[in-house]
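Heads up: the structure comes next, in structure tokens.
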Amino acid sequence: MKASGVTLGVAGAVVAAVLGAGWLVQRTALPAPAPATLAAVRAATWLQRYRLVNSTFSIDGGPVVHGQCLQDWFQTGGHRNRGAALQLDDGFVLLAVQPHTLVSKGGSAAERSLSPLVLMELGGCPRVLARRLDTVAQQHRGVTLANGALTFALKGTRVTLTLEPGTGKPLTLRVVTRDTEGTSHIRFATVTTRVRQLLSRELPVYGS
């Protein structure tokens, strides 16, 4: 019995030593993520929790518009695919469905001429922003954090997200491109049947 106890004791010590060495190697070889990277991951997590975002934004100092962006399943070409629908209170509607559907209607000529990506960013489309944050977080570069604001550049746009202290929840964002600058306040919301029904009236290709 004593020999067995000694054997178990030695085995336990060996396991502890191996685990300790592995932890030390991991700490040495894999440095802790930068604060900006962690902030990007937290912000992306907030965006992934919600499928509906309300926004209030202005582009190039123009009139303030209110919008809703819904991430959902949409019917296009006889198939149901994931996508995003952005609706503004001036009648503009933008539908982006994977892999190749991008249609818009209504609104002003200025809105129709803008990059759909910029519009979806300002509209707070949650999956669009979350994917961009995930990309820069995985690259471990190209993202900075200063005074509670997270800034990154990707695909020709520079985005600055103001984060809520303590929680890291995105509150406002600023999007800058070579030709355009816009600011937006975003608010997370809960998807309801009424929201989907109202939006379905505006989108002839929408499917529940």
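The values are calculated or read from the model by the stated rules, or taken from the named source; none is laboratory data. This one's a predicted model, so the numbers in the text were calculated from it and none came from an experiment. Ideal geometry is used to build each Cβ from the backbone, glycine not excepted, and the neighbour counts take in all protein chains shown.
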Could you tell me whether the range 191-201 includes any residue that is in the same structural domain as Ala146 (by TED's automatic domain parsing), farther than 27 Å from Leu38 by Cβ and under 18 Å from the mean Cα position of the chain (by Cα)? yes
Being part of a loop (DSSP other than H, G, I, E, B) and either farther than 18 Å from Pro116 by Cα or at pLDDT 75 or above (or both) narrows it down to one residue among Gly91, Gly20; which is it? Gly91
Selected residue (criterion: surrounded by the fewest Cβ atoms within 10 Å (Cβ to Cβ)) from residues of the range 43-62 that are under 17 Å from Thr172 (Cα atoms) and out of contact with any strand residue (DSSP E or B) (no Cβ under 8 Å at 6 or more places or on another chain): Gly61
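Conditions tested, residue by residue: (1) of a type outside the set (Ser, Thr, Tyr); (2) touching a helix residue (DSSP H, G or I) at 6+ places or on another chain (Cβ under 9 Å); (3) touching a residue at least 24 places away in the same chain (Cβ under 8 Å).
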{"residue": "Arg127", "(1), (2), (3)": "yes, yes, yes"}
{"residue": "Leu163", "(1), (2), (3)": "yes, yes, yes"}
{"residue": "Thr177", "(1), (2), (3)": "no, yes, yes"}
{"residue": "Phe188", "(1), (2), (3)": "yes, yes, yes"}
{"residue": "Ser200", "(1), (2), (3)": "no, no, no"}
With the structure loaded, tell me whether Ala146 is among the aliphatic types (A, V, I, L, M), at pLDDT 90 or above and surrounded by fewer than 17 Cβ atoms within 10 Å (Cβ to Cβ) or whether it fails that test. yes
Could you look through the range 104-115, keep only residues that are modelled with pLDDT of 85 or more and surrounded by 15 or more Cβ atoms within 10 Å (Cβ to Cβ), and pick out the one that is farthest from the chain's Cα centre (by Cα)? Ser104
Answer with yes or no whether Val159 is outside any loop (DSSP other than H, G, I, E, B), out of contact with any Gly (no Cβ under 7 Å at 6 or more places or on another chain) and without any contact (Cβ under 8 Å) to a residue 40 or more places away in the chain. yes
Matching residues in the range 162-208 (assigned to a loop (DSSP other than H, G, I, E, B) and closer than 30 Å to Gly77 by Cβ) number 9
If I filter the range 78-94 down to residues being free of Cβ contacts under 8 Å to residues at least 60 places away in the same chain and buried (at least 18 other Cβ atoms within 10 Å of the Cβ), which single residue comes out as nearest to Gly67 (Cα to Cα)? Leu88
